[in-house]
Amino acid sequence: MSDFKGILLGMLVVAVLYMLDRYLPRWFGAIPGAGFLGFIIYIVFTKEVSLLSIVTVLLVGEAVLNGIWIDALVNRKRKMKKEVATMKAKDLLRK
């Protein structure tokens, strides 16, 4: 696979995960991180790779996946606060 196709595939996976994290339950964001960790452990035991490169891929990959998850949680919390503020404003107008 060429470098461009790999980058494009990675961007597609990140976009799909971001959309899924926004609409699925909160715990869903932990599944891709755990799956990625399992995949990296599988690669370590089945292929001859340098430890430095695999640790770098592991750290960057987990940082990206957890960053997406945390961003989705923050956006969800911000949306919830906005909805609560709107409901409180409507309640005050009715009284």
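Things to note:
- Per-residue [θ]222 nm for the chain (sum of -39500 (n - 2.57) over DSSP H runs n ≥ 4, rounded to 500): -31000 deg cm²/dmol
- Label point of Met80 set 7 angstrom out along Cα-Cβ; within region 2-22, amide nitrogens under 14 Å from it belong to 22.
- All lysines inside 29 Å of Lys47 as judged from Cα atoms, apart from same-chain residues fewer than 8 positions distant: Lys5
- Phi-based couplings in Hz for region 19-30 (Karplus 6.51, -1.76, 1.60; Gly and Pro marked x): 5, 5, 5, 6, 10, 8, x, 4, 5, 4, x, 7
None of the figures in this text is laboratory data; all of them are computed from the coordinates on show. Predicted model only: the values in this text are computed from it and were never measured. Neighbour counts run over all protein chains shown; Cβ positions are idealised from the backbone, glycine included.
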